[in-house]
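Beneath this line is the structure, given in structure tokens, with notes to follow.
The values are calculated or read from the model by the stated rules, or taken from the named source; none is laboratory data. No experiment lies behind these values; they were computed from the predicted model shown. Ligands, DNA and RNA are excluded from the accessible area calculation, which covers all protein heavy atoms including side chains. Shrake-Rupley method; radii C 1.70, N 1.55, O 1.52, S 1.80 Å.
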Amino acid sequence: MQGLLDLFAQWRPASLAPYAALLLIMGSVALLAPGLAGMRGKSDVKRRLRIEDAPDKAQAQAPKREAAQVHEKAAKQAQEFYAKTDPENVARLRLKLIQAGYMDPGAVGRFFLIRFVALGGVATLAFLIVLLFGGDATLTNRVIFIGMLGAGGYFLPGFILSRQIAARMREYRNGFPDFMDLMIVCSDAGMSMEAAIERVSRELSVTHPALSQNLQLVSIELRAGRALDDALKSLADRLSLDEVRSFATLLQQSRELGTSLSGALRVFSDEMRHKRMSLAEEKAHALPAKMSVPVTVCILPVVMMVAIIPVIVKMTGAE
């Protein structure tokens, strides 16, 4: 035993690398040993736990399903109520929601629910503000303040919806010339109009996903037996673009007159690109007029102060 201790005492490596490697190996073995030992029994345990936890998961998901059913029922009742009282307004709202990208039939009911929730939430917030900070205000001013904020909360979802429609229209207008170029390529390749629309809808799914979704709906309508003119008119209503209506008219006239579809599409694509460039130039020319307001409000007062303050200081010093 004493000889073994003398041997360990004489063995002195030049560096600490062997000790570090030995400790690393021992730590790895200590960490992996329990996992390797219990790997065999884990599958059975997981299987038993999966079977035992299935009813618990179903019970945990039951309140969520009940809440979703309550929301769907409330939205459906709201939509039915407004459909009976003001069907024209509901139809216009449904078209606006489709233009904004909400294709779900229950979107109208959910929009009305969101509107009334926003009305109640903003009115409650205004009431709390009046209670906390409106001690000196009269009752009439308090009621006017709460009513104005509540009305703002009521019309806020409509304003947000209008902004979403405008953003979608910009995306559609920017992507439609690309759609026309791809349609020209498909037409030169000898594809039919239905097959070309389906192919182009897949190609535009990355660059213009909203336009691709609407084109896929057109392809589905054509598969279901709807006429091409009717499907394109429905597309024009969903996109709310005059270019789509012109495109539908172009296809109809080209079919009736027997002219070259590829040439007509190429001319129409050039016109759309020229129109898009004209809109960009119009925005660029309107930029100086728009910049005049912040320049006048922010920069001009500072310039006036820099020019006038030294004169005021000299006059006060002379006095």
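Each part gets one Cα centre, and for the stretch 217-290 versus the stretch 92-142 those centres are 37 Å apart. Residues E256, E281, E198, ordered by accessible area of protein heavy atoms at a 1.4 angstrom probe radius and largest first, appear as E256, E281, E198.
Please list R94, R266 from largest to smallest accessible area, probe radius 1.4 Å, with all protein chains kept in place. Could the numbers behind the result be given before it?
On the way: R94 60, R266 100 Å².
Solvent-accessible surface, decreasing: R266, R94.
Per-residue surface analysis assigns L287 an accessible area of about 100 Å², computed on protein heavy atoms at 1.4 Å probe radius.
When the surface is traced with a 1.4 Å probe over the full set of protein chains, M191 keeps roughly 80 Å² accessible.
At full extension, R202 and D181 could sit 6.1 nm farther apart than now, given 0.36 nm per residue minus the alpha carbon distance.
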